[in-house]
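The values are calculated or read from the model by the stated rules, or taken from the named source; none is laboratory data. The structure displayed is predicted, hence computed values, not measured ones. Glycine gets a Cβ as well: all are built from the backbone with ideal geometry, and neighbour counts include every protein chain shown. Please note that ligands, DNA and RNA were not included when accessible areas were found on the heavy atoms of the full protein model with its side chains. Shrake-Rupley method; radii C 1.70, N 1.55, O 1.52, S 1.80 Å.
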Amino acid sequence: MNTRRTWDLFCTVIDNHGDLGVCWRLARQLAQAGHSGQSVRLWVDDASALAWMAPDALRASLPGIQVLPWADASDPERLANLPAADVWIEAFGCTLPEAFVAHAATTRQQQPVWINLEYLSAESWVPRMHGLPSPVMSGPVKGWTKQFFYPGFTPDTGGLLRETGLMERQQAFVTSGSLAIWRAQHAPDWAPGALLISLFCYEPTALHQLLTQLTGTPHHLLVTPGRPLEAIQQAHSQLPSESPCPQWSPLPYTDQDGFDEMLWACDLNFVRGEDSLVRALWAGQPFVWHIYPQEDNAHHAKLEAFLNWLQAPESLRQFHRVWNGMEAAALPVLNAGTLKQWRDCVLAARKRLLMQNDLLTQLLSHGAANAAVGQ
């Protein structure tokens, strides 16, 4: 695990920048890994979101990380001048450029450790699939082998990304006065004692319900930019013009550390996708997850599996089902008793996770073990 290796990490941005967010976290943690800081080349087809997500990335100011255009992986001259990597990672089902693979076939004596990093799920099949080999059956590297690596919530999976010192950083934020400063800067109209709620979502069918529930209360909603802001503006326009408005305000784009601070500062967090779900778990605050919707409703089973692992109380299960459009019912009321129950549930889940190896630790061990057997 303490050997310095070069990692080629491939990412295609489908939408919403979630895949890139996960890959950047992984690249950053690899480069900072213990005493052996790994060397990482992040190949991405659209790096524009890194301008706000990770400003240091495009300034090339983080040692050990290069952000490279996807197209360069098909450039023979570019490839000829790059040292061969020890580990390849295909993130989230992306396919490596044919020219990149063909170049490796003609210049390498043995294959790199080749990892297919999959999406996160709590479904029961994940432990069975984690670590299985996937032989390459055709093409210039026929006979080489990839291995499935599944992030997950239990010890028999690949775990979750968690950087060293995360819990200590959160504790310092809460106790040093930074929490009060953050709230004063981002929610100056918020009244202590009222709920401070963050909203990071797609277009939930129950958003109108949430706004109606918050109308007339002192609670304050902080809305992240992009699709959440567009959704809140649309839902807000549908409220009766004569009724009072719920209190809400927009947030600016922020980097990944700033996103963590938002989760730590709020009493309830609405999150979406994969990366923010994991960050909400580490934050330990009550949260509601808007899972990425799929046309065949496969996300319904995925959400239920997660709620089962979370050991979610019935009110939290119902809120998730209504928020994700699985049930046409009323959202449970957000009150102190409900949120305490949700917080206790999340803290218990976080405690279980902290007892398990994180994703980076397992990935480093996986890479070292496979390199040792000459894969």
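When a 1.4 Å probe is rolled over the protein heavy atoms, the share of accessible surface on segment 1-149 that falls to carbon and sulfur comes to 51 percent.
I want the antiparallel fraction of DSSP beta bridges within the chain, as a percent rounded to 5. Provide the component values of the computation, followed by the final result.
On the way: 3 of 43 bridges.
Percentage antiparallel, nearest 5: 5.
Solvent exposure of the chain amounts to 44 Å² per residue of accessible area, where only protein heavy atoms count and the probe is 1.4 Å.
Each other residue within a Cβ distance under 14 Å of HIS320 adds +1 if Lys or Arg and -1 if Asp or Glu, for a net charge of +1.
With all protein chains present, how much of the accessible area of segment 219-353 (probe radius 1.4 Å) comes from carbon and sulfur, to the nearest whole percent?
Details: 2750 of 5410 Å².
Within segment 219-353, the accessible surface is 51 percent carbon and sulfur.
Kindly rank 204-217, 73-86 from highest to lowest mean number of other beta carbons found within 10 Å of each residue.
Details: 204-217: 17.5, 73-86: 14.1.
In descending order of packing, they fall as 204-217, 73-86.
Tell me whether segment 112-208 comes out rounded, prolate or oblate; compute the Cα gyration tensor, take square roots of the eigenvalues as a ≥ b ≥ c, and use a/c under 1.5 as the rounded threshold.
On the way: a/c = 3.20, a/b = 2.30, b/c = 1.39.
Prolate shape, in that a/c is at least 1.5 and a/b is the bigger ratio.
Counting charges near HIS103 (Lys, Arg +1; Asp, Glu -1) among other residues having Cβ under 13 Å from its Cβ returns a value of -3.
Between the helical axis of 256-265 and the dominant principal axis of the chain, each derived from Cα atoms, what acute angle in degrees is found, rounded to the nearest 10? Here the helix axis deviates by roughly 30 degrees. Annotation: amide H of TRP248 within the under-5 Å range of LEU221, sequence separation 5 or more or interchain, hydrogens built in the peptide plane.
222 nm [θ] for the chain, helices only, -39500 (n - 2.57) per DSSP H run of 4+, per residue, to 500? Please report the intermediate quantities before stating the final value.
Values: 16 runs with 154 residues, N = 375.
My calculation for the chain gives -12000 deg cm²/dmol from helical runs alone.
Each peptide among 131-143, 343-355, 269-281 gets the average number of other Cβ atoms lying within 10 Å of its residues, and from highest to lowest they stand as 269-281, 343-355, 131-143.
What is the sum of charges around THR12, taking Lys and Arg as +1, Asp and Glu as -1, for the other residues whose C-beta is under 10 Å from the C-beta of THR12?
On the way: positive: none; negative: ASP19, ASP45, ASP46, GLU90.
After counting each charged neighbour, the total is -4.
The angle between the Cα long axis of helix 98-107 and the main principal axis of the chain comes to about 40°, on a 0 to 90 degree scale.
Placing pseudo-labels 7 Å out from each Cα toward the beta carbon at GLN185 and GLU327 gives an inter-label distance of 4.0 nm.
For the pair THR217 and GLU203, the difference between a 0.36 nm per residue extended length and the Cα-Cα distance amounts to 2.7 nm. Taking 4.7 Å between beta carbons as the limit, the unpaired Cys residues of the chain are CYS94, CYS201, CYS245, CYS266, CYS345.
Inter-label distance, ALA71 to GLN171: 4.9 nm, where each label sits 7 Å from its Cα along the C-beta direction.
For segment 273-288, the Karplus equation 6.51 cos²θ - 1.76 cosθ + 1.60, evaluated at θ = phi - 60°, returns couplings of x, 9, 4, 6, 4, 4, 5, 5, 4, 5, 5, x, 9, x, 8, 10 Hz by residue, with Gly and Pro reported as x. Relative to the longest principal axis of the Cα atoms of the chain, the long axis of helix 298-310 makes an angle of roughly 80 degrees.
Have a look at the DSSP beta bridges in segment 77-196 and tell me what percent are antiparallel, nearest 5. All intermediate terms of the calculation are to be shown ahead of the outcome.
Details: 3 of 13 bridges.
Around 25 percent antiparallel, to the nearest 5.
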